[in-house]
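Engineer: Mind having a look at this structure? Questions to follow.
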Amino acid sequence: MTTPALLPLSGRRIPTLSPGASSFPHHRATLRLSEKFILLLILSAFITLCFGAFFFLPDSSKHNASVHSPPSGFMGVWRAAPRLHRLRDKIRADHERALQEAKQKLRKSKKALLHEIQTEKARVAQELKKKDVPRSLPPVPMPKLVGVNDGDPGEPDVKEKRDKIREMMKHAWDSYRQYGWGHNELKPIAKKGHSTNIFGNSQMGATIVDALDTLYIMGLHDEFKDGQEWIEQNLDFSVNAEVSVFEVNIRFIGGLLAAYYLSGQEVFKAKAVQLAEKLLPAFNTPTGIPWAMVNLKSGVGRNWGWASAGSSILAEFGTLHMEFVHLTYLTGNPVMHIRKLLAKMDRPNGLYPNYLNPRTGRWGQHHTSVGGLGDSFYEYLLKAWLMSDRTDAEARKTYDDAIEAIERHLIRKSNGGLTFIGEWKNGHLERKMGHLTCFAGGMFALGADGSPGDKAGHYLQLGAEIAHTCHESYDRTVLKLGPEAFKFDSGLEAVAVRQNEKYYILRPEVIETYWYMWRFTHDPKYRQWGWEAAQAIDKYCRVGGGFSGVKDVYSSNPTYDDVQQSFFLAETLKYLYLLFSSDELLPLESWVFNTEAHPLPPADGHPSFLCAGGEGFYR
Ligand code: DMJ
């Protein structure tokens, strides 16, 4: 006897055995699939009918129930037929009404329809605005400030120069007040407002915010009050504008924080926090490396179209620490993560490429620069350490290592003996230096104290050499103003070659380095060089409606670019003013200047007002 193989029963229907040879099944134990399906269909139709009858006509059925019918049971089902008619009629009526409404809408003019849409949009925006009320901040005492004084230099001739710088600031501000008020920047020749894509299509008064602390330290208090009033009444970040995260951080958050610390006016603190919260969605990327741009309203971020392989830019995502460290109480610090991620990555020759893809976490093009695209990343490593009262050893080490690699691969001496910082492009050194790179002289001097080994003197010397080279780039022009970029190649020394590198747009970097060098050495040549630059700016860039950049510093008959940049008021004039003030005004032991020259007190290690603890910053 064979034992039938045991089959697993699950999922199988075992056929009944027929007694004869016939294979025709006279009787079936179960239904066919198609039969089951039909039965199911009938059943569900019946259930739907009952549901319709009982629930879809709630009002009338209630009414009927109370007046005519027995409360429940069999009779209820009988009553389903008239209810079904009513249901059908109701559907027809609804249909008809919707049709009429649609016809009416179509009869309206395009203008009326647009108006209706706009009104609805405005209503929704209003609703959203109501929800957008900023979180209230904990009450905390105002920091006691060191070095916010007059800074009288003593010597009358220096005071005279300082007064001249103050007068230039007045001219720049008054012109903006008159012709560009509320716009981001000013066109001093056309005498109207100006803006660039870094501010999106917004009108956020960039010049007002950027200039506030300069006005304050120059003692221009009426102008400061005027700016404050504008901010109180008009500065609104719920705008549909796609802005540069970096620029908004350094100019607006930095400017507002500095204005708060100098004046103690709460409005600046509140606005800085609101704005920082608007920037946070930019960090929403797979790696946490922020997008270059973010829409302030929608929070959607993206990168510049021109950046290598969809990358974020080193100098942009690497220049957030100083400001965000002051806001950790409310925003956390999404920025610390960036440094951690960079520390894990391989670096070609120890150098940081300027491009990093925020999706993949991979470097883009291998281009390293201490000027545009890279500059303030290095600056903020050093300043993170200073902000922490020199406790953030990781920041200091990262800075020291980066500078060592830069010295090894990018810094050279020209045939004429000028020290310059070139750019590294795919394994090749380009012997060209940008005006932006000139800030590095001041950075080397600032970082000298605290550098590893016995190298403080070396870095102060390096700062002095860069200051000298950059001064040469000014001195070798007709206008005594520096070009945007200059070469050290084929017999050329510190001069621009290409036409599109000959412009000067009121940039601060060279004067910034003079000021740091002055503070650390008190060598009078730095005041002398600063004064030369101030005079050249006043002579060649001053116009009726403010100050303008010039297109060719080698031409005795320059044409204007017709832009008064906000950083001219925030940085160039501030550094000049400080250069002719005493060191007691904003001493470097108590203040760290962000990359837009906005002075901030150290925050880490201190219970700063916006950091957890909220005890205030006392020194
Ligand atoms: C400023 O906005 C900042 O200094 C920034 O770091 C780079 N350059 C401009 C001025 O040149």
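Engineer: May I ask you to say which residue of Val267, Val239, Val245 is open to solvent by less than 10 Å² (accessible area, probe 1.4 Å) and either more than 16 Å from the ligand (Cβ to nearest atom) or within 21 Å of Gln203 (Cβ to Cβ) (or both)?
Structural biologist: Step by step, each of Val267, Val239, Val245 is checked, and only Val245 is open to solvent by less than 10 Å² (accessible area, probe 1.4 Å) and either more than 16 Å from the ligand (Cβ to nearest atom) or within 21 Å of Gln203 (Cβ to Cβ) (or both).
Engineer: Which of the residues belonging to the stretch 178-207 are open to solvent by 20 Å² or more (accessible area, probe 1.4 Å) and part of a loop (DSSP other than H, G, I, E, B)?
Structural biologist: Passing the criteria: Trp181, His183, Ile189, Ala190, Lys191, Ser195, Thr196, Gly200, Asn201, Gln203.
Engineer: Taking Leu257 as the residue in question, decide whether it is under 23 Å from Ser590 (Cβ atoms) and assigned to a helix (DSSP H, G or I).
Structural biologist: Yes; evaluated as a whole, the condition is true for this residue.
Engineer: Same structure again: Out of all the residues in the stretch 426-444, is one or more in a helix (DSSP H, G or I), closer than 29 Å to Leu341 by Cα, more than 16 Å from the ligand (Cβ to nearest atom) and free of Cβ contacts under 8 Å to residues at least 12 places away in the same chain?
Structural biologist: Within the stretch 426-444, not a single residue is in a helix (DSSP H, G or I), closer than 29 Å to Leu341 by Cα, more than 16 Å from the ligand (Cβ to nearest atom) and free of Cβ contacts under 8 Å to residues at least 12 places away in the same chain.
Engineer: Please go through the stretch 349-386 and give me each residue that is part of a loop (DSSP other than H, G, I, E, B), in contact with a Pro (Cβ under 6 Å, 6 or more places away or on another chain) and not basic (Lys, Arg), ordered by number.
Structural biologist: Matches in the stretch 349-386: His366 only.
Engineer: While we're here: Just a yes or no: is a residue in the stretch 297-307 assigned to a loop (DSSP other than H, G, I, E, B) and open to solvent by less than 10 Å² (accessible area, probe 1.4 Å)?
Structural biologist: Looking for residues that are assigned to a loop (DSSP other than H, G, I, E, B) and open to solvent by less than 10 Å² (accessible area, probe 1.4 Å), one finds at least one in the stretch 297-307, hence yes.
Engineer: Out of Thr513, Thr469, which single residue is surrounded by 18 or more Cβ atoms within 10 Å (Cβ to Cβ), within 16 Å of the ligand (Cβ to nearest atom) and outside any loop (DSSP other than H, G, I, E, B)?
Structural biologist: Thr513
Engineer: Can you name every residue in the stretch 387-425 that is more than 26 Å from the chain's Cα centre (by Cα) and in a loop (DSSP other than H, G, I, E, B)?
Structural biologist: Matches in the stretch 387-425: Arg390, Thr391, Leu410, Ser414, Asn415, Gly416, Gly417, Leu418, Gly422.
Engineer: Only one of (1) in contact with a Gly (Cβ under 9 Å, 6 or more places away or on another chain); (2) in a helix (DSSP H, G or I); (3) farther than 28 Å from Ala272 by Cβ is not met by Leu341, so which one is it?
Structural biologist: Leu341 satisfies all of (1) in contact with a Gly (Cβ under 9 Å, 6 or more places away or on another chain); (2) in a helix (DSSP H, G or I); (3) farther than 28 Å from Ala272 by Cβ except (3).
Engineer: Failed condition for Leu327, given (1) open to solvent by 20 Å² or more (accessible area, probe 1.4 Å); (2) touching a residue at least 60 places away in the same chain (Cβ under 8 Å); (3) within 21 Å of Thr595 (Cα to Cα), with all others met?
Structural biologist: Every listed condition holds for Leu327 apart from (1).
Engineer: A further question follows. Under 7 Å between Cβ atoms, which residue pairs at least 6 apart in sequence (or on different chains) link something in the stretch 499-511 that is acidic (Asp, Glu) with a partner that is away from the ligand (no atom under 11 Å from the Cβ)?
Structural biologist: Note: pairs meeting the criteria are Glu501/Pro483; Glu501/Ala485.
So that you can scan it fast, the table gives a plain yes or no per residue for (1) in contact with a Lys or Arg (Cβ under 6 Å, 6 or more places away or on another chain); (2) at pLDDT below 95; (3) within 25 Å of Trp385 (Cα to Cα); (4) within 16 Å of the ligand (Cβ to nearest atom):
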{"site": "Phe252", "(1), (2), (3), (4)": "no, no, yes, yes"}
{"site": "Tyr261", "(1), (2), (3), (4)": "no, yes, yes, no"}
{"site": "Pro281", "(1), (2), (3), (4)": "no, no, no, no"}
{"site": "Ile289", "(1), (2), (3), (4)": "no, no, yes, no"}
{"site": "Asn295", "(1), (2), (3), (4)": "no, no, no, no"}
{"site": "Gly310", "(1), (2), (3), (4)": "no, yes, no, no"}
{"site": "Glu316", "(1), (2), (3), (4)": "no, no, yes, yes"}
{"site": "Leu330", "(1), (2), (3), (4)": "no, yes, yes, no"}
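Engineer: I've got another one for you. If you go through the stretch 589-609, how many residues are modelled with pLDDT of 50 or more, in a loop (DSSP other than H, G, I, E, B) and under 22 Å from Asn249 (Cβ atoms)?
Structural biologist: So the answer is 10.
Engineer: How many of the residues in the stretch 353-381 are more than 12 Å from the ligand (Cβ to nearest atom), surrounded by fewer than 23 Cβ atoms within 10 Å (Cβ to Cβ) and more than 10 Å from Ser311 (Cβ to Cβ)?
Structural biologist: Of the residues in the stretch 353-381, 3 are more than 12 Å from the ligand (Cβ to nearest atom), surrounded by fewer than 23 Cβ atoms within 10 Å (Cβ to Cβ) and more than 10 Å from Ser311 (Cβ to Cβ).
Engineer: Of all residues in the stretch 334-347, count the ones that are open to solvent by 40 Å² or more (accessible area, probe 1.4 Å) and without any contact (Cβ under 8 Å) to a residue 24 or more places away in the chain.
Structural biologist: Narrowing the stretch 334-347 to residues open to solvent by 40 Å² or more (accessible area, probe 1.4 Å): 336-337, 340, 343-344, 346-347.
Filter again for without any contact (Cβ under 8 Å) to a residue 24 or more places away in the chain, leaving 336, 340, 344, 346.
Of the residues in the stretch 334-347, 4 are open to solvent by 40 Å² or more (accessible area, probe 1.4 Å) and without any contact (Cβ under 8 Å) to a residue 24 or more places away in the chain.
Engineer: Let me ask something additional. Being surrounded by fewer than 18 Cβ atoms within 10 Å (Cβ to Cβ), away from the ligand (no atom under 16 Å from the Cβ) and within 29 Å of Asp552 (Cα to Cα) is true for just one of Leu479, Leu492. Which residue is that?
Structural biologist: Leu492
Engineer: Still on this model: Ser175 - would you say it is more than 27 Å from Asp375 (Cβ to Cβ) and assigned to a loop (DSSP other than H, G, I, E, B)?
Structural biologist: Here the answer is no, as Ser175 does not meet what is asked.
The values are calculated or read from the model by the stated rules, or taken from the named source; none is laboratory data. Everything numeric here is computed off the predicted structure, so don't read it as measured data. Cβ atoms come from the backbone with ideal geometry, glycine included; neighbour counts cover every protein chain shown. These area figures cover heavy atoms from the full protein model, side chains too; ligands, DNA and RNA do not enter into them. Shrake-Rupley method; radii C 1.70, N 1.55, O 1.52, S 1.80 Å.
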